[in-house]
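Please read the structure below before turning to the comments.
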Amino acid sequence: MKDTWKVWGDMPEYGENFYERAIGEKDEMESSKSVAKIVQRYLSEDDIICDVGCGGGHYLRSLNNTVSNSFNYIGIDSTEEYIKVANKALLESNFLKCNNAEFKVSDIYNLKQESNSVDITMCNNLLLHLPSIEGAIKELLRITKRTVIIRTLIGQSSFRIKQIREPEVYDSYGEPLNFHYYNIYSKKYLQNILQNYNIEFEIFSDQDYIPENIGAKNYKNSEKPFDITTIIDGLQVNSYIISPWSYLVINKLN
């Protein structure tokens with residue numbers, strides 16, 4: 001059965017929100033602040049950071065505001081509109097700790113970067129939206145010399161979820177034609193796909209966020225995305241799905 005997955009390009013509200021965060025008109029995302037703190041643990045002076053799934057450049061702002069070292073930055077996203085937005089934000093902002101920054105269109109399954117060409121790769125809030133992750137993780141490891149930092153949904157069980165968007169349209173098999181993935185992977189599954197690499201890794205829950213800063217307050221009523229995150233009893237929730245946001249940090253061994 002043909003899979004109708006495609007890269008995001010038809011949700012302009014995301015691009016505009018990313019841009020406003022990147023230039024400082026809106027608050028930083030809680031997740032971008034969180035990952036910047038983790039990057040700092042592994043960052044050396046003048047390292048090259050590759051941000052796969054960079055969106056509109058908002059992660060670069062958080063890195064600049066958080067880390068103490070100078071660094072070089074490459075932002076990669078498969079959505080051309082996001083890269084246009086990111087380049088616009090780059091021209092309008094002054095990221096003092098970043099020596100050099102560039103944004104490129106590229107596919108996570110076939111990254112244009114050479115092998116071992118960057119020191120740290122970060123990939124935030126992307127893997128859950130992919131039809132499969134094994135090839136994506138392989139590519140992230142291929143381009144990276146030292147450390148890969150991934151933020152995604154990790155739990156005790158794996159779930160393959162297609163979140164249907166409006167208008168709801170289905171093919172003759174009952175498969176949705178307008179959706180994005182919202183997949184959760186188990187720790188055991190990740191351990192299995194990583195066991196053949198010469199690495200060490202850790203998985204831990206992302207608890208570094210201020211609940212009041214997440215959700216509708218960051219959007220105008222006219223631009224609220226349909227899958228906006230809410231907080232229920234201290235847990236992040238997408239519609240009625242509890243989101244076990246976690247970090248997978250992988251360090252290569254020599």
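The values are calculated or read from the model by the stated rules, or taken from the named source; none is laboratory data. All values reported here derive from a predicted model rather than from experimental measurement. Reconstructed Cβ throughout: ideal geometry from the backbone, glycine too, with neighbour counts over all protein chains shown. Areas reflect the complete protein model, heavy atoms only, side chains present, ligands, DNA and RNA absent. Shrake-Rupley method; radii C 1.70, N 1.55, O 1.52, S 1.80 Å.
Looking at the stretch 235-254 only, could you name the residues that are open to solvent by 30 Å² or more (accessible area, probe 1.4 Å) and at pLDDT 95 or above?
Of everything in the stretch 235-254, those that are open to solvent by 30 Å² or more (accessible area, probe 1.4 Å) and at pLDDT 95 or above turn out to be Pro244, Asn251, Lys252, Leu253.
Suppose we filter Asn198, Asn213 for residues that are under 30 Å from Arg21 (Cα atoms) and either in contact (Cβ under 8 Å) with a residue 40 or more places away in the chain or surrounded by 11 or more Cβ atoms within 10 Å (Cβ to Cβ) (or both); which single one remains?
Asn213
Gly56 versus (1) of a type outside the set (Lys, Arg); (2) part of a loop (DSSP other than H, G, I, E, B); (3) in contact with a Ser or Thr (Cβ under 8 Å, 6 or more places away or on another chain): which is the lone unmet condition?
Condition (3) is where Gly56 drops out.
Working only within the stretch 43-81, note down all residues that are open to solvent by less than 20 Å² (accessible area, probe 1.4 Å) and hydroxyl-bearing (Ser, Thr, Tyr).
The answer is Tyr59, Ser62, Tyr73, Thr79.
Taking Ser222 as the residue in question, decide whether it is modelled with pLDDT of 70 or more, over 19 Å from the mean Cα position of the chain (by Cα), within 24 Å of Asn178 (Cα to Cα) and of a type in the set (Gly, Ala, Ser).
In short, no.
Output the residue which, of all residues in the stretch 1-31 that are among the small types (Gly, Ala, Ser) and not in a helix (DSSP H, G or I), is modelled with the lowest pLDDT.
In the first step, residues of the stretch 1-31 are kept if they are among the small types (Gly, Ala, Ser); the result is 9, 15, 22, 24, 31.
When the remaining residues are screened for being not in a helix (DSSP H, G or I), the result is 9, 24.
Working: Gly9: 58, Gly24: 94.
Out of the qualifying residues, it is Gly9.
With respect to Glu134, determine if the residue is at pLDDT 95 or above and among the acidic types (Asp, Glu). Steps first, answer last, please.
Numbers: at pLDDT 95 or above: yes; among the acidic types (Asp, Glu): yes.
Yes, satisfied.
Please specify each residue of the stretch 82-99 satisfying the condition of being of a type in the set (Lys, Arg) and either loosely packed, with under 14 Cβ neighbours inside 10 Å or closer than 14 Å to Ser62 by Cβ (or both).
Lys97 - this is the single residue of the stretch 82-99 that is of a type in the set (Lys, Arg) and either loosely packed, with under 14 Cβ neighbours inside 10 Å or closer than 14 Å to Ser62 by Cβ (or both).
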